[in-house]
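Data block below; observations after.
The values are calculated or read from the model by the stated rules, or taken from the named source; none is laboratory data. These numbers were taken from a predicted model, which means no experiment stands behind them. Note that each Cβ is placed from the backbone with ideal geometry, even for glycine, and that neighbours are counted across all protein chains shown. Surface areas here come from the heavy atoms of the whole protein model, side chains and all, with no ligands, DNA or RNA. Shrake-Rupley method; radii C 1.70, N 1.55, O 1.52, S 1.80 Å.
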Amino acid sequence: MKKRIAVIGGGVAGNAVLHHIVNNTNFDTSYRIDIFDSEDHMGRGKPYIEDSEVLLLNIPSDEMSMTNVPYSFDEWLVSRGLPVEHFNSRKHFGDYSADMFRRAAVAHSNVRLINDLVIDVIYNEEKETFAVISDYKTDEYDAVFLTTGQLSYNDPYHLKGMDNYIHNPYPLNQNITDPEGSVGVIGTGLSAIDCVRYLMIEQSADAVHLFSRSGDMPSVRGTSHDLNIKYFTGAEVDSYIEDDMISLDKIIELFKKEMAEQGVDEKLFYRHPESTLEDLKFDLLHADAVGKLQYLIIAVNPLFSRVFPYFSKSDKRKFMKEVHPLIDKNHSPMPPEVARQLVDWAEEGRVRIIDGIEAVETNGRFEVKTDRDETFKVDYLINATGPIKDIEQEPAPLIVNLVDRMLIAPSELGGLLVDKQHRVISPRYGTLNHMYAIGHLTFSSDYMSNTVNILVKNTKLMVERIMEQ
Ligand SMILES: Cc1cc2nc3c(=O)[nH]c(=O)nc-3n(C[C@H](O)[C@H](O)[C@H](O)COP(=O)(O)OP(=O)(O)OC[C@H]3O[C@@H](n4cnc5c(N)ncnc54)[C@H](O)[C@@H]3O)c2cc1C
């Protein structure tokens, strides 16, 4: 392993990189590790910053740990005298994660935390080194880990900069304070649900309009099932590799065989009763059947991540178009208590879910237009549509510069292109042997691998392989 290492981004992936390097048997004082991030994100990452405690994890606390050394998340909560809820607040997870991070850093004098954002990286092809540039300093490194997470927020209706338009809502407790008049949220994903809950619980909003194109919300987490997977196993999918490729049709066939074995009804994938509200109620009423489907997907998810890089380009496209939406809906379900709140508020008429959004115009207020020729007027509009996917659209200086000097390239399905070992594939220099990327930035190369547990496991495998070199 090259010894001068820069980790750019101290969120979940950067934290896991640090942890697995310093705990590797080959790690010693000849290494120098510098980790760059802003002070408020260092050790936490964007989803787990200091924010309102009403923002919950969507994965049960006992399934979320950065590491078991010295504590799992649950043990840490107990050690702090904090309640171990089934779904704890994301802020608490951030406090835990930052604590684990600081412990790993202070235990080693050759690890430095640099509270600054990196603005550029210049590759020296001859020396195979990287100059990492921040406002604070420029230094030379032998290896770089790019762990900068999600790209900037999307602006689908080109409203950024307008009064009373919140382009990126996080942290909610700083960006959304006492909104005046009627309030709308665009989006129906987990971030939109964060905004609605925060407005209703902490801002005592009378009513919120929840606008989106599709009206599709994540499913509701059902009963936990510990499934014994019979067919969809690592050995079986590996046996499908032929000429470094795996056929999507074969994988679908295998998955269906496993569904039948587990008694999971395929029709559940298509459970879309008349409305978003009915959809939530359906999941709450059928928690056992829905839970079995979700826990099957969660159990085999690492294998989807494993086979995805082996699909041909056309199979990847087909997968993203036809299979991904079915998996996505069931992959990161919302906690049932959150769904119950939404149903109650919707039935009281306090949360209005409106789909078919086509355009937003401004005329003193925000006029939200649907494909049914309806117009809804709100005074305050919060964008919760999530991040940009294409790195070529990203405005942050680091990515702009890396794209411009052709050090990184976009993956066709979004994010950054890496090989199976997480080495960055540069359009200018080819595969960069000592520049790695992992985490949300490689979300399409690493299919569905960004929940904390999977990301931490994948980072461990990557670091172990690198440290052996
Ligand atoms: C709202 C939300 C809720 C989620 N809830 C859950 C959950 O309950 N359970 C779960 O398992 N997963 C959850 N996830 C998913 C998961 O935890 C994230 O995908 C994970 O944080 C990805 O890790 P990352 O390191 O790629 O990104 P992050 O954790 O965001 O870390 C990236 C870091 O890079 C830093 N950075 C960016 N640019 C630079 C630069 N130029 N220089 C230096 N640093 C830089 C950022 O400040 C940030 O701290 C959630 C995700 C979101 C968005």
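Values for this structure:
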| read-out | value |
| --- | --- |
| Filtered residues of segment 234-262 (kept if closer than 19 Å to LEU326 by Cβ and open to solvent by 60 Å² or more (accessible area, probe 1.4 Å)) | ASP249, LYS250, GLU253, LYS256, LYS257, ALA260, GLU261 |
| Filter result for ILE251 (assigned to a loop (DSSP other than H, G, I, E, B), over 18 Å from PRO335 (Cα atoms) and among the aliphatic types (A, V, I, L, M)) | no |
| Top-ranked residue in segment 223-233 [being open to solvent by 70 Å² or more (accessible area, probe 1.4 Å) and without any contact (Cβ under 8 Å) to a residue 40 or more places away in the chain; ranked as nearest to the chain's Cα centre (by Cα)] | ASN228 |
| Hey, VAL78 part of a helix (DSSP H, G or I) and either near the ligand (Cβ under 9 Å from one of its atoms) or not acidic (Asp, Glu) (or both) or not | yes |
| Selection count where residues are crowded, with 24+ Cβ neighbours inside 10 Å and aromatic (Phe, Trp, Tyr), scope segment 13-64 | 2 |
| Residue in segment 85-93 that is over 30 Å from THR29 (Cβ atoms) and open to solvent by 50 Å² or more (accessible area, probe 1.4 Å) present | yes |
| Criterion (open to solvent by less than 60 Å² (accessible area, probe 1.4 Å) and modelled with pLDDT under 95) met by exactly one of PHE376, PHE311, PHE366 | PHE311 |
| Selected residue (criterion: most open to solvent (accessible area, probe 1.4 Å)) from residues of segment 411-455 that are of a type in the set (Ser, Thr, Tyr) and not in a loop (DSSP other than H, G, I, E, B) | THR431 |
| Residue satisfying all of: in segment 456-469; within 20 Å of the chain's Cα centre (by Cα) and open to solvent by 10 Å² or more (accessible area, probe 1.4 Å); farthest from the ligand (Cβ to nearest atom) among these | LEU461 |
| Failed condition for LYS257, given (1) at pLDDT 95 or above; (2) part of a loop (DSSP other than H, G, I, E, B) | (2) |
| Residue list for segment 82-97, filter: within 12 Å of the ligand (Cβ to nearest atom), without any contact (Cβ under 8 Å) to a residue 40 or more places away in the chain and part of a helix (DSSP H, G or I) | HIS92 |
| Unmet criterion (only one of (1) in contact with a Cys (Cβ under 6 Å, 6 or more places away or on another chain); (2) more than 26 Å from ILE186 (Cα to Cα)) for ALA384 | (2) |
| Residue tally, condition within 14 Å of the ligand (Cβ to nearest atom) and over 17 Å from GLY11 (Cα atoms), over segment 423-445 | 2 |
| Residue count, segment 277-305 (criterion: of a type in the set (Asp, Glu) and either over 23 Å from GLU347 (Cα atoms) or open to solvent by 50 Å² or more (accessible area, probe 1.4 Å) (or both)) | 2 |
| Subset of segment 1-12 [open to solvent by less than 30 Å² (accessible area, probe 1.4 Å) and either within 27 Å of PRO218 (Cα to Cα) or more than 7 Å from the ligand (Cβ to nearest atom) (or both)] | ILE5, ALA6, VAL7, GLY11, VAL12 |
| Filter result for the condition that a residue is in a loop (DSSP other than H, G, I, E, B), within 16 Å of the ligand (Cβ to nearest atom) and either open to solvent by less than 10 Å² (accessible area, probe 1.4 Å) or at pLDDT 95 or above (or both), over ILE399, ILE408, ILE382 | ILE408 |
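A quick yes/no check of all residues on (1) acidic (Asp, Glu); (2) within 16 Å of the ligand (Cβ to nearest atom); (3) within 23 Å of GLY215 (Cβ to Cβ):
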{"residue": "LYS127", "(1), (2), (3)": "no, no, no"}
{"residue": "SER134", "(1), (2), (3)": "no, yes, no"}
{"residue": "LEU146", "(1), (2), (3)": "no, yes, no"}
{"residue": "LEU151", "(1), (2), (3)": "no, yes, no"}
{"residue": "PRO156", "(1), (2), (3)": "no, no, yes"}
{"residue": "GLY161", "(1), (2), (3)": "no, no, no"}
{"residue": "THR177", "(1), (2), (3)": "no, no, no"}
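To keep it simple, each residue is scored yes or no on (1) buried (at least 17 other Cβ atoms within 10 Å of the Cβ); (2) within 10 Å of the ligand (Cβ to nearest atom); (3) in the same structural domain as VAL196 (by TED's automatic domain parsing).
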residue	(1), (2), (3)
SER72	yes, no, no
LEU113	yes, no, no
TYR123	yes, no, no
LYS137	no, no, no
GLY181	no, no, yes
